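Here, each number is a calculation from the coordinates, and none is a lab measurement. Treat the numbers as computed from the prediction; the structure is a model and nothing was measured. Methodologically, a virtual Cβ is constructed for each residue, glycine included, from the backbone with ideal geometry; neighbour enumeration extends over all protein chains shown.
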Amino acid sequence: MVAWGGRFGPDGLSLTEKLGAMSWGLLALLLLTAGMGFAMLYSAAGGELRPWALAQMIRFALGLALLLSIALIDISRIHRFAYVIYVLALVLLIAVEVKGSIGMGAQRWIEISLPGFHFQLQPSEIMKIALVLAMARYFHGLNAEQTRKWTSLIVPCLLIGVPTALVMRQPDLGTAVMIVAGGVTLMFLAGVALRWFVGGALVTLGSLPVAWSLLHEYQKQRVLTFWDPASDPLGAGYHITQSKIALGSGGLFGKGFLEGTQSHLSFLPEKQTDFIFTMLAEELGMVGALLLITLYLLIIAYGFGVALRSSSQFGRLLALGVVATFSLYVFINIAMVTGLIPVVGVPLPLISYGGTVMITLMVGFGLLANVNVHRDMPIARGSG
Amino acid sequence: MRQDIDHRKQFTRRALFLAGGQVVLVSGLVGRLYYLQVVEADTYRMLADDNRINMRLLPPLRGRIADRFGEGIAVNRQTYQLVLVSEQTESVADTLDHIAALIDLSENDIRWVLKETSRRSDFVPVTVREGLSWSEVTRIEVNLPELPGVLIEEGQSRFYPYGELVAHVTGYVGAVSEAELMASDPLLELPGFRTGKNGVEKIFETELRGNAGTRQVEVNAFGRVIREIARQDAATGEDLTLTIDMGLQGFAARTLGEEAGSVVVMDLLNGDVLALVSSPAFDPNAFNQGLTSEAWQALLNDPKAPLINKAIAGQYPPGSTFKMIVAMAALEMGLMTTEDTVYCPGHYTLGNHTFHCWRRWGHGDVGMIEALKQSCDVYFYDVAHQVGVDKIAEMAERFGFGAVTDIELTGERAGLVPTKAWKEAVLGEAWLGGETLNVAIGQGHMLSTPMQLAVMAARIGNGASKVMPRIARSTMRPDVPFFETLDIAPEILAVVREGMVAVVNDPVGGTAYRARIEDEGMEMAGKTGTAQVRRITTADREANRELEDIPWVERDHALFVAYAPLHAPRYACAVVIEHGGSGSGVAAPVARDVLREAQRRQSVRWPHEDTNRLPGQEV
């Protein structure tokens, strides 16, 4: 149906029109948020651009280019390649699994070396977006009535279940939780009958003991020390305890930029990755933390706006799927560093140092911008 | 199309539901932040400071101990140690090789350093060698540019410049013991901290120790010091001045020589102990550095007991030096006058026991002065038999026997003055008349320390006060001593003094005439004593063995007590030489030399201390 010719497809939108409809507000919010991240990485390195802040800026710039390119692609083309992307992500995930079982030990990434640029690709991160694409495409193909049927649960459950099982084997509890939560949110938004969610919740509760027995020892330890971090102040509980001390000692206005004692004296572990929110809240106080949360909320609100204005189910699901994934990162990370949930290793989006997450998120926001650009574009229900 | 619109409406509803859920979650997170950063902020600020701020103790400098002239006898010496910070050096092994080329470094040292540097964080300084000499320090300093990570650290350690000469007085310092740690002075937990273990170092430990300073430093999670936040310097311990005159102390020790025994010299006016020698001694510096177990065992097992301060912890029968006490008891009771004589045939019979005089053929008719001069045993057997042991004991206690003198030293013992009640209580037996005769010549159960003997001589020489010895005369104790009155009639004292003068200065029969001081105005009065270590059997008496034939441990102890000068007593002295043989032959010459030296040094001392005289005391 869609010809390969025409750079921006047969959707009838010119490049100028697309750029005009581009989500410039979103870009501004992203830039502000990432800017806070650069500042914190600069502080984490003790007032140096290296080793983290500069690398993160380059990644963000790269991500920005990627975002713009993706936003301009014809949305129906994205719809068409949704499954292909999902399958590719799955293949990568299996590749890591195979590589790990061959004897490299537990590995979550594939080394990617490009000239002048080296990073570790985590297929599980890509999967988060790929799953959103696949789910959006699947539910786009169903009308409201079909969506309510129990048979329409089979494919989504498989789409969610297979990567979840693979990620659990790595083992990466945080990502697994995020994949399941993202997938289930999409099913909810797509219009799956509410009774399935009630049933699913009951089944989950019932199977908790089984799930517990499947957890790795260190994962169990994390959950256990979460309930009582003081029981092991120098072991697994150390991270939570030190993080809370850093947060609390920051107070309302913080100790000042570059002045965080907990982070700069190395009491705070992983300050440039998973615990960067703690460092921000220590140096900039609750005021700084609220500023960041506000930026996040604005991004999320922007995503809701894009989703609600989209004329196609694919666009709506894609937009809110990206937003849901993004907000999951935010909620899980902040809840984790404030000691509300166990430490599961989820980074703070746009702030934490890390290549794959940054790229994944920017691709996600590219898709969100794409939906915005193509909000009035109808997409055929079939597979083309 | 209608269905699509419914579908879209459903999406909108659910999206809003989702948004609602997210608002709830965000509220939860904000609430949590409020709790941590506002409600509990103070608690966490304190915990953060606990994390980063470390209190470091700064050890105080130990107070200095000096003799009466301010001559340092326990001082602090600068020490140098070589430390290595492994993060500042490229190769620990290479640097160690380089150091070994400059100063002595054993294979063991090198192995230990390599182990320590690999075990600890690389910014922690590891001690390579302690106690560097000054020339070693300069050799290292010159080569420092080629020795990255090498530092010379300065410290202070206790040093006793006189070595073993006053070891029993100063005592020594050593590592903190478990029992001391209970006292919970955090200073004691500092590695390498030393506390007084003996002598005045122990008695005045609290004063000498001083107070710790503190240093607040900011540290990171690995304990590396980032910067100093606050500092309060340590307060040096108080200095201590002793009554000892190191010149006299050294002279006394040299005079005593290799003998096992002790010499005590006291100022009999104010109780100042001018010399206190216990021989053999030990080197207190060795304890500070840490004694090898072999060296420690050797000290412990030495039959001459170098670790024991014999002057206050050695208990000996006083022998004939006790006869003045018996004489004074008899005079006070009015049982004897100087005119009364006793016939000495060389032995004395009580019941079916025979008690011998040291002179086999006897002294003939002797009066009290003569009996003291010649040390006639039979005279005192007879007198003691009349006086009774309890009256003798009473007089002995008045002159300082049977109780500790409370001198500021460790390990002092009380000796023993037997009484009827004592025997009843301790041995559960009735007192026998013969035992009184043994006490009369300072034998039997009677035990005294050289310090007690010096006190007796001092009180006889002083005549008015119950002089008590003291060894510390710093600001820590008042300098004007208070003594109880001796409460003895001058006529009685005059008799025993006359006897003691005769012992040394009467060419006819004075037992210590050969040990007299001939210098005009320095003459001394004294009394010899020879204390039996074992019971003398009839066989021994028959054999009449020479000193050389008797095993050392079975030989008699030689004793001598004296005061000088005769006409204006100022110094009292007691000499006890273990297994030395006779008091007149061995102990008296030592006392003579020491007392003469004490008087010769008077001109050195007097400019400082004429104030020490007591009112009404003629000098």
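Potential lengthening of the chain between B:Ala489 and B:Phe69 amounts to 147.5 nm, from the contour at 0.36 nm per residue minus the alpha-carbon distance. Taking every alpha-carbon pair in the stretch B:79-159 and binning the separations at 10 Å intervals from zero gives 19, 56, 24, 2 percent.
Working note: 222 nm ellipticity from helices only, DSSP H runs with n ≥ 4, each -39,500 (n - 2.57), summed and divided by the residues of chain A, gives -22500 deg cm²/dmol to the nearest 500. Separation of the stretch B:351-406 and the stretch B:234-290, taken as the distance between their Cα centroids, equals 33 angstrom.
Among A:337-350, A:29-42, A:188-201, the peptide with the highest mean count of other Cβ atoms within 10 Å heads the list, and the full ranking is A:337-350, A:29-42, A:188-201.
Name the shape class, rounded, prolate or oblate, that the alpha-carbon gyration tensor gives for the stretch B:1-141, where a ≥ b ≥ c are the square roots of its eigenvalues, rounded holds for a/c under 1.5, and otherwise prolate holds if a/b is larger than b/c and oblate otherwise. The partial results should precede the final answer.
Working: a/c = 8.06, a/b = 2.55, b/c = 3.16.
Cα axes put the stretch B:1-141 in the oblate bin.
Packing order of peptides A:157-166, A:134-143, highest average first: A:134-143, A:157-166 (average count of other Cβ atoms within 10 Å over each peptide's residues).
Gain in length, B:Ala93 to B:Val24, computed as 0.36 nm per residue apart minus the alpha-carbon separation, to one decimal in nm? Display every interim value, and only then the final one.
Working: separation 69, 0.36 × 69 = 24.84 nm, distance 6.19 nm.
Computed gain between B:Ala93 and B:Val24 is 18.7 nm.
Does anything in the stretch B:433-456 have its amide N under 13 Å from the 7 Å Cα→Cβ label point of B:Asn352, and if so which residues? Correct set: none at all. Farthest toward the positive end of the dipole of the protein assembly as shown, out of B:Pro418, A:Thr273, A:Ala307, is the Cα of A:Ala307, where the dipole comes from beta carbon charges about the Cα centre. Here the spin labels are modelled as points 7 Å beyond Cα on the Cα-Cβ line, and at A:Leu224 and B:Val604 they lie 7.6 nm apart.
Extending 7 Å from Cα along the Cβ direction at A:Leu68 and again at B:Asn108 yields two label points whose distance is 7.4 nm.
Once the C-beta distance of B:Trp361 and B:Val404 is scaled by a Förster radius of 45 Å, the resulting FRET efficiency is 0.60 to the nearest 0.05. A simple packing score, the average count of other Cβ atoms within 10 Å per residue, orders the peptides B:523-529, B:366-372, A:299-305 as B:523-529, B:366-372, A:299-305, with the highest score first.
Please work out the FRET efficiency for the pair A:Val210 and A:Cys157, using the Cβ-Cβ distance as r and a Förster radius of 25 Å; give the result to the nearest 0.05.
Efficiency, rounded to the nearest 0.05: 0.90.
Positive contributions from Lys and Arg (+1) and negative ones from Asp and Glu (-1), summed over other residues with Cβ under 15 Å from the Cβ of A:Leu26, come out at +3.
Between A:Val84 and A:Trp24, how high is the FRET efficiency from 1/(1 + (r/R0)^6) when r is the Cβ-Cβ distance and R₀ = 35 Å? Nearest 0.05.
About 0.70, to the nearest 0.05.
Is the shape of the stretch B:408-498 rounded, prolate or oblate, going by the alpha carbon gyration tensor and its root eigenvalues a ≥ b ≥ c, with a/c under 1.5 for rounded and a/b larger than b/c for prolate? The shape class here is oblate.
Proximity of backbone amide H atoms, modeled 1.01 Å from N, is registered between B:Ile73 and B:Ile65, B:Ala66, B:Asp67 at under 5 Å, excluding neighbours fewer than 5 places apart on the same chain.
Counting pairs of alpha carbon atoms under 8 Å apart in space and at least six apart in sequence, what relative contact order in percent does chain B give? Kindly include the intermediate steps, with their values, before the conclusion.
On the way: 1233 pairs, mean separation 81.6, N = 619.
13 percent.
Please average, across the residues of A:216-224, the number of beta carbons from any other chain that are within 10 Å of each residue's own beta carbon, and give a whole number.
Working: counts 0, 0, 0, 0, 0, 0, 0, 0, 0.
Mean partner shielding for this stretch: 0.
Where a ≥ b ≥ c are the square roots of the eigenvalues of the C-alpha gyration tensor, would you call the protein assembly as shown rounded, which needs a/c under 1.5, or, failing that, prolate if a/b is larger than b/c, or oblate? Cα axes put the protein assembly as shown in the prolate bin.
Backbone geometry of the stretch A:75-84 corresponds, through the Karplus equation with coefficients 6.51, -1.76 and 1.60 at θ = phi - 60°, to 3J(HN,Hα) couplings of 4, 5, 6, 4, 4, 5, 8, 3, 5, 4 Hz, x marking Gly and Pro.
Label sites at B:Tyr35 and B:Arg139, each approximated as a point 7 angstrom past Cα along Cα to Cβ, lie 6.6 nm apart. Within the same chain, lysines fewer than 8 places from A:Lys128 are excluded, and of the rest, those with a Cα less than 25 Å from its Cα are A:Lys99, A:Lys220, A:Lys271. The Rg/Rh ratio for chain B, using Cα coordinates for both the radius of gyration and the Kirkwood hydrodynamic radius, is 1.24.
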